[in-house]
Amino acid sequence: MDKYIIKGKRRLSGEVEISGAKNAAVAIIPAVILSDEPCVLENVPNISDVSISLKILYELGAQIEYINDTTIKIDATQIKDTVVPYELAKLMRASYYFLGTLFGKYKKARVSMPGGCYLGDRPIDQHIKAFVSLGATAALDHGMVDITADEISGTSIFFDMVTVGATINTILAACRGTGLTVIENAAREPQIVDVANFLNSMGAEIMGAGTDVIKIRGVNALHGTTYSIIPDQIEAGTFMVAAAATGGDVIIKNVIPKHLEPITNRLAKIGVNIEEFDDSIRVTCEGPFVKTNIKTAPHPGFPTDMQPLIATLLCFAEGASIITEDIFDDRFRYVDELRRMGAEISVDGKVAVIDGVGELLGAPVSAPDLRAGAALIVAGLAAKGVTEIENIQFVERGYEDIVFKLRSLGAEIEKVEVITDVTLNSQKIVNG
Ligand code: EPU
C-alpha cells in the first residue's frame, strides 16, 4: 500500500549511476543452474524481480551469498528440485527462464505459467515450440508447464515473431545439449548478448548473439565464472526522459551508449541535447519539444519499454504526435492516468495520438505496470503541483532506489506508507 508523493516542477541536475539491467539479471540468475561450479555475479540490481529470482533459486536448493550490495555468489550445484510452483512463478514474467535452465541441465522442468505485468496477451507458445524442437515432450497440466526429454538434440528453429524470452530460453535449453542448434529470426536485444557472454564465459559455445541468427553448439559441462551484468538501458532511458521533461542537466553514469542509441536518436530528434562519453551521457534540455511519430519495434528499433515514457514527454511537445505500439496488445493503460493530469491523448487499438498540452497538473494516479509507473513519476516530476502515485510495487520490480536517485538530482519525491486502519495516523514517510 506504499505510494510516491511528488512535488513537481523541480529541475533535475547532477549525476546518477545506473544499476545492472533487470532483463539481463532475471535471465542470468537462473542460468547459474547450468553451471557445474559456483558463479559470482557482479552489478546485480537490487530490485524485487531479482529478489524473486533468488528466492526461486534458493527454494530449488541453491546457496546464495551476498559478497557486497551488488555482488552475489551462487552455488546451484546441489539443486534438489525441478519444480517452480504457482506461488513463486506468478510473481514475475521471467520465471519462464527456470523452464529453460532446469530443462537444459536436468532434462526436466515443471514451472507454473509465469505472471508479470499485464500488457495484453503474453503467450509462451514459441518457448514451447523451441523446447519440443529440441526433443522435449511438453504438456500444460493444472496451470503447470511440464517438459521432459531423454536427450536435448541440436535443431533448427525459426520463430514466428521476434521474441526476447523465447530466444533466451532456447539458448539456455540448448547450450548443454548435443549438436548444433540454429535460431533464426532471433531477438537482438542487449540482454541476449549478455546472457550469451555469461554462458560463453562458463565454456558454452554460442555464436551470433546480437544478430538474428544465433548458433549454439552443445557442450558437456560448464565451469564457474565471475561475470558483471550490463547496465540497464531502460533505467538509463527513464532518467534521460526525466532530465528532459524537467528541463534538466543530468550526467547518467555506468551506461553503454551504444545500447542507448534507439532512445538517444529519438530524443535528439525531438529536441533533447545528448552528449556521449565512454560510459556516461549528459542530457540537457531547454525545450520546446518537437512532435514526432514513433512505432515500437524489436531492437534496434524503439523499445516498447520506453513507449509510456516517451509518450509522457510528448505531452509537452508542440502539436500532435502519434505512437504505434507494435509489440504488445494492451500497453496504453497508463493513458487514463495521464489524462487525470491534463494530458490529451486518444487511443485507438495500437495507436495513440498525443496532443501537446504544454503543462500537466499534479493529481492522484495509479501505476498499471512497471514502465507505466515510471512514466507517471516523470509526469509528476514535470507537472505543476502534487502527484500521488499508488501501486508502486510495480515500479520497485525494476528500478533500484528510484526515490534516492531522483532526490539526489533535486527532485521532491517521497515514498509514503499508507496505513489503511483509519484510527491510525494515515501516512508515514518510509523512504526519504
Ligand atoms: N510472444 C508470443 N509467443 C511467445 C513469446 C512472445 O506470441 O512465445 C509475443 C508477445 O506476446 C509479444 C511479442 O511476442 O507480443 C514479444 O514478446 P517477448 O517474448 O519479446 O517479450 P517477453 O520476453 O515477454 C521481454 C521483457 C519485457 C520487454 C519485452 C520486449 C523480460 C522479463 N521481459 O518480455 O520487459 O518489454 O521482452 O522487449 O525480459 C519490462 O521490463 O517492463 C518488460 C515488460
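Taking only the C-alpha atoms of segment 184-243, Rg followed by Dmax gives 14.4, 49 Å.
May I ask for the angle, rounded to the nearest 10°, between helix 233-245 and the longest principal axis of the chain, with both axes built from Cα atoms and the value confined to 0 to 90°? Its long axis makes an angle of about 0 degrees. Calculated accessible area for segment 359-418 comes out at 31 Å² per residue, all protein chains present (probe 1.4 Å; ligands, DNA, RNA ignored). Once C-alpha pairs closer than 8 Å and six or more residues apart are averaged by separation and normalised to the residue number of the chain, the relative contact order reads 20 percent.
Judged by the gyration tensor of its Cα atoms, with axes a ≥ b ≥ c, segment 256-328 is oblate; a/c meets the 1.5 cut and b/c is at least as large as a/b. Here the accessible area of the chain is 47 percent carbon and sulfur, with a 1.4 angstrom probe and all protein chains present. Entry note, segment 1-158: relative contact order of 17 percent, from Cα contacts under 8 Å with a spacing of 6+ residues. In a simple Cβ point-charge model (Lys, Arg +1; Asp, Glu -1; nothing else charged), the chain has a dipole of about 160 debye relative to its Cα centre. Over the Cα atoms of segment 22-228, each weighted equally, I'd like the Debye log10 I(q)/I(0) at q = 0.19 Å⁻¹, rounded to two decimals. Relative scattering, expressed as log10 I(q)/I(0), comes to -1.48. Bridge orientation summary for the chain: considering DSSP beta bridges with both residues in this region, about 70 percent are antiparallel. Within straight-line reach of Lys22, meaning a Cα separation under 14 Å, sit the following aspartates and glutamates at least 8 residues removed in sequence or on another chain: Glu42, Asp49, Glu189, Asp194, Asp232, Glu235, Asp305, Glu396, Glu400, Asp401.
The residues packed around Thr163, meaning those with a beta-carbon under 11 Å from its beta-carbon, carry a net charge of -1 if Lys and Arg are +1 and Asp and Glu are -1. Helix content alone sets the calculated 222 nm mean residue ellipticity of the chain: runs of n ≥ 4 DSSP H residues at -39500 (n - 2.57) each, divided across all residues, give -8500 deg cm²/dmol.
Over the chain, the Kirkwood radius and the radius of gyration, each from Cα atoms, give a ratio Rg/Rh of 0.98. Compactness check for segment 56-97: Cα Rg over 2.2 N^0.38 Å is 1.27.
Using a cutoff of 8 angstrom between alpha carbon atoms and counting only pairs six or more residues apart, the relative contact order for segment 94-216 works out to 24 percent.
Average accessible surface for segment 22-228: 38 Å² per residue, computed with a 1.4 Å probe over protein heavy atoms with every protein chain in place. In whole angstrom, note down how far apart the Cα centers of segment 1-66 and segment 112-171 are. Result: 24 Å between the Cα centres. P(r) tail, segment 160-306: Cα-Cα pairs separated by more than 26 Å, 36% of all pairs.
The values are calculated or read from the model by the stated rules, or taken from the named source; none is laboratory data. Predicted, not measured: the structure shown is a model, and the values here were computed from it. Reconstructed Cβ throughout: ideal geometry from the backbone, glycine too, with neighbour counts over all protein chains shown. Note: accessible area is taken over every heavy atom of the protein model, side chains too, but ligands, DNA and RNA are not part of it. Shrake-Rupley method; radii C 1.70, N 1.55, O 1.52, S 1.80 Å.
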